[in-house]
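Comments concern the structure below.
The values are calculated or read from the model by the stated rules, or taken from the named source; none is laboratory data. Model, not experiment: these values are computed from the prediction. Because the Cβ atoms are built from the backbone with ideal geometry, glycine has one as well, and the counts that use them run over all protein chains shown.
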Amino acid sequence: MKLKNWYIILSVALFLLGGMILTWFVYPKSLVRYPFFIVLLLLDFYLWTIVRKRIFTYHKGLKAAVALFYWSPLIVLSLVMLANLFWPQQEWSQLFRTYLFGVVFSVYVGKLIPALFMLVYDFIRFLWRILKTIFSKELLAEEAEKAERDKLTRRDFVGSMALVSGGVIIGTMFTGMFKWVHQFKIHMQQVRIKGLRDGAFEGYRIAQISDMHLGSWADSGSLQRAIDEVLALNPDLIVFTGDLVNYRTEEAFRFKEILQQLKAKDGVYAILGNHDYGDYVNWPSRKEKQENLTSLYNFFNDVGWKLLRNENVIIEKDTERLALIGVENWSKNTRFPRYGDIIKASKGIGNVGGKILLSHDPSHWKVIVTEKHKDIDLMLAGHTHGFQFGIEIPGIKWSPAQYLYEQWAGMYVNEDTDQQLYVNRGLGSIGYPGRIGILPEITLLTINA
């Protein structure tokens, strides 16, 4: 092998090693995803071999400019991680952070789809060539050469179409960032609490919001509009089912006055989600992590939301009593916290006509609730965001979220126990600051006793 090739291999190896070390320092929880980044980088190189053949110019400066543009997302991502060592991104402008990572993510997705498409196409070509070599030895040389020319022509056409599709994807991703991410959709849902028999709670209205992820909001105006839409529903009760922030409590501070406006006749109640615990930050000490969590508790109190940490509240109307039980995060996936304790949260409830459980992760329902707590009529959850991508039209409901969570959006009923689960699609976003097909949700649940 040429010395130049060895230099390239060594440079790539050092780059990947440095990236892994930086990820461990800056995003420790994301280290398990680093192999995916390596695969993404390999696909990026593969697509580049196709792109550079379509640069019809001998001008070295123009070729360098195209190469710089193509690799700019990787360059930006590397510089961001380096900058984090000296200037934590939590101190950067929120608007800048949101759109910077959104653009990088969008471009990568726009690259990934064409790269995978061309990889599959080339693999099929490779298999076809092997079969022809085995079974078509008697082909005339001229025919074989003509067939090869046709193949190259087809590959050029397929490659061009793949690149065009990448452009369409990037355009769609940008639309999801700048338009659909704050195009709130109100979902109306009827629920039945079979233990409520006197009719006092008939028509009782519960507004559910979830997964605000305030660290991803570029401006406060969109959040104000969401709060206004919730209040316009005139709910009797408002519940928030976790993930107020992305990483740190301070992300919520600039929205304090807006969140204080959220009020309902029977109160506003909240629970914690996996992101609220500060587990996605490499804290200098346990003390600082705990101070961040204490600050979050105080923030909920300051905005007038009652945080339920494995506890309950009883709502009474005339002769009927409805229990609202709130637990801390519990997930089937051991990568997420398991602090939720329904038994502890249910202490002192006594005789009630119905029970509603607030639990952030929907996997809690099938594994624990329907198996061990059959007296819970309805569970309200969030967490999945509906993957922020999918198709929801009459007759079709699909999202990649369904391959990770059996219950991922909307209403579910256990036929054996008659228990219900509603999974909210989330109000905010995380990772990709946009939505495609799965719009941010405000839910209004109406009780039919």
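Annotations for the structure displayed:
- Qualifying residue in region 207-218 (condition: surrounded by fewer than 16 Cβ atoms within 10 Å (Cβ to Cβ) and not acidic (Asp, Glu)): no
- Looking only at residues in region 221-239 that are in a helix (DSSP H, G or I) and touching a residue at least 40 places away in the same chain (Cβ under 8 Å), the one that is surrounded by the most Cβ atoms within 10 Å (Cβ to Cβ) is Val230.
- Selection status of Gly353, modelled with pLDDT under 95 and either at negative phi or outside the structural domain of Gly102 (by TED's automatic domain parsing) (or both): yes
- In the set (1) farther than 22 Å from Thr370 by Cα; (2) modelled with pLDDT under 95, Ile315 fails one condition alone, (2).
- Helices (runs of 4 or more DSSP H) enclosed by region 1-105 - at least 1 residues per element that are more than 30 Å from the chain's Cα centre (by Cα), modelled with pLDDT of 75 or more and not assigned by TED's automatic domain parsing to the domain that holds Asn246: 34-51, 60-84
- Among residues of region 426-445 that are in the same structural domain as Asp219 (by TED's automatic domain parsing) and of a type in the set (Asp, Glu), those with a beta-carbon under 7 Å from a residue that is in a loop (DSSP other than H, G, I, E, B) and buried (at least 24 other Cβ atoms within 10 Å of the Cβ) at least six positions away or on a different chain give the pairs Glu441/Asn424; Glu441/Arg425; Glu441/Gly426; Glu441/Leu427.
- Residue pairs whose Cβ atoms lie under 6 Å apart, sitting 6 or more positions apart in sequence or on different chains, and linking a residue in region 376-405 that is in contact (Cβ under 8 Å) with a residue 40 or more places away in the chain to a partner that is surrounded by fewer than 16 Cβ atoms within 10 Å (Cβ to Cβ) and assigned to a helix (DSSP H, G or I), are Phe387/Pro400.
- Reported count of residues in region 380-409, each being in a loop (DSSP other than H, G, I, E, B) and surrounded by 19 or more Cβ atoms within 10 Å (Cβ to Cβ), is 9.
- Within region 277-288, the presence of a residue that is under 24 Å from Lys355 (Cβ atoms), within 28 Å of the chain's Cα centre (by Cα) and in the same structural domain as Ile349 (by TED's automatic domain parsing) is excluded.
- Tally, over region 347-379, of residues that are surrounded by 21 or more Cβ atoms within 10 Å (Cβ to Cβ) and acidic (Asp, Glu): 2
- Residue within region 364-379 that is in the same structural domain as Val268 (by TED's automatic domain parsing), closer than 30 Å to Phe178 by Cα and modelled with pLDDT of 95 or more present: no
- Residue check for Leu293: in contact with a strand residue (DSSP E or B) (Cβ under 9 Å, 6 or more places away or on another chain) and assigned by TED's automatic domain parsing to the domain that holds Tyr422: no
- Selection status of Leu244, buried (at least 21 other Cβ atoms within 10 Å of the Cβ) and over 24 Å from Asp276 (Cα atoms): no
- The set of residues from region 356-375 being part of a strand (DSSP E or B) and in contact (Cβ under 8 Å) with a residue 40 or more places away in the chain comprises Ile356, Leu358.
- Screening Lys256 on (1) loosely packed, with under 14 Cβ neighbours inside 10 Å; (2) out of contact with any Asp or Glu (no Cβ under 7 Å at 6 or more places or on another chain) shows it passes everything except condition (2).
- Residues being in contact with an Asp or Glu (Cβ under 7 Å, 6 or more places away or on another chain), among the polar types (S, T, N, Q) and under 25 Å from Gly215 (Cα atoms) - total across region 410-449: 1
- Any hit, region 332-346, residues being within 15 Å of the chain's Cα centre (by Cα), crowded, with 22+ Cβ neighbours inside 10 Å and closer than 30 Å to Met173 by Cα: no
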